[in-house]
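The values are calculated or read from the model by the stated rules, or taken from the named source; none is laboratory data. This structure is a prediction, so every number in the text was calculated from the model and none was measured. When we count neighbours, we look across all protein chains shown, and the Cβ atoms used for this are built from the backbone with ideal geometry, even at glycine.
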Amino acid sequence: MHAEGSDVIATDLLWLPTWTLCKREITRFLRQRGRIVGAVGTPLIFWLMFGGGLYKSFQLDGVEGSYLEFTFPGAIAAILLFTAIFSMITVIDDRDNGFMQGVLVAPVSRAAIVLGKVMGASALAVGQAVVFLLFAPLAGLRPGVADVVVTIGAMVVLAVGVCGLGFWIAWRMETTQGFHAIMNLVLMPMLALSGAFFPITGAARIVGWLMTINPMTYGVALLRCSFGGVAEDTASRIHWTLALGVSVGFAALMVVLSLITARREARQAAV
């Protein structure tokens, strides 16, 4: 009886608050249509401008397909990235309006705060990226049902990683201006050097080295492999198993770092 009661309490302290915070993120997003337009529209415009305007200027040696097709997985990665940026601003907003203080003093596990925020932002990111898949025919792509399912799985892994990174940075920031500055400094180069817009195989040595140590590179490679149903991304020479392993490891690392940071600062605030 005592063990069953402890399990119920543990569930109430973790999964119920996690689901509540996750649902709150989704509800807040649906009430702010500007965020929907910004998160999907910006990558779409960039994809059409770069893919449609520069496709004759790029020679993709060893890479099959048009430039629109080549950059399509990169546009999906950009959607996930932009959603992480926009969604994690709510961490700072919740602190400013007093909501986060109310959650912190409640008998709620700190893990629930991290998981609720990351899960909510990841769900929003994947949802918008799935909508973007409707534009695949514009790139000459005709993915099958199995390809779409596998691609959504890859989106989830990448979304958890970038949203975890966004939470880790946002939790340590005092203002939204500082958060934007750090996110632009960190995440924009991560996207630019991920192989989303040019292949790693033709990059300069120093650029290629930076792309190799960039975890986003493996997320984009995973999207290309899953979307095209291939074992290796020809633009990066990264096998899908390596791409999956690095992407899962990156997502797990970011969630763990976010948990450690949230618990440590919560204890310091209590002292």
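Structure notes:
- Just one of the listed residues (176, 212, 234) is touching a residue at least 12 places away in the same chain (Cβ under 8 Å) and closer than 28 Å to residue 109 by Cβ, namely 176.
- The range 158-202 - residue that is of a type in the set (S, T, N, Q) and under 16 Å from the mean Cα position of the chain (by Cα) and, of those, surrounded by the fewest Cβ atoms within 10 Å (Cβ to Cβ): 184
- Put simply, of 106, 78, 112, 121 the only residue that is under 23 Å from residue 21 (Cα atoms) and under 17 Å from the mean Cα position of the chain (by Cα) is 121.
- Here the condition is being modelled with pLDDT under 90 and out of contact with any His (no Cβ under 7 Å at 6 or more places or on another chain); of 243, 269, it holds for 269 alone.
- In the set (1) of a type in the set (A, V, I, L, M, F, W, C); (2) out of contact with any Ser or Thr (no Cβ under 9 Å at 6 or more places or on another chain); (3) exposed (fewer than 14 other Cβ atoms within 10 Å of the Cβ), residue 231 fails one condition alone, (2).
- Of the residues making up the range 246-266, those that are farther than 25 Å from residue 209 by Cβ and at pLDDT 85 or above are 255, 256, 258, 259, 260, 261.
- The one condition from (1) at pLDDT below 85; (2) assigned to a helix (DSSP H, G or I) that residue 207 does not meet is (1).
- Which numbered condition residue 195 fails, given (1) within 21 Å of residue 79 (Cα to Cα); (2) in a helix (DSSP H, G or I): (2)
- Tabulated pairs, the range 53-78, first farther than 20 Å from residue 238 by Cβ and at pLDDT 60 or above, second surrounded by 18 or more Cβ atoms within 10 Å (Cβ to Cβ) and among the small types (Gly, Ala, Ser), C-beta under 8 angstrom, 6+ apart or interchain: 66/51; 66/139; 68/51; 68/139
- Any hit, the range 221-237, residues being assigned to a helix (DSSP H, G or I), in contact with a Leu (Cβ under 8 Å, 6 or more places away or on another chain) and under 30 Å from residue 18 (Cα atoms): yes
- Taking the range 210-256 as the range and being under 18 Å from the mean Cα position of the chain (by Cα) and of a type in the set (S, T, N, Q) as the test, the residues that pass are 214, 217, 226, 247.
- Cross-chain or 6+ apart pairs with Cβ under 6 Å, the range 109-123 first and touching a residue at least 12 places away in the same chain (Cβ under 8 Å) and surrounded by 23 or more Cβ atoms within 10 Å (Cβ to Cβ), then assigned to a helix (DSSP H, G or I) and among the aromatic types (Phe, Trp, Tyr): 117/167; 118/167
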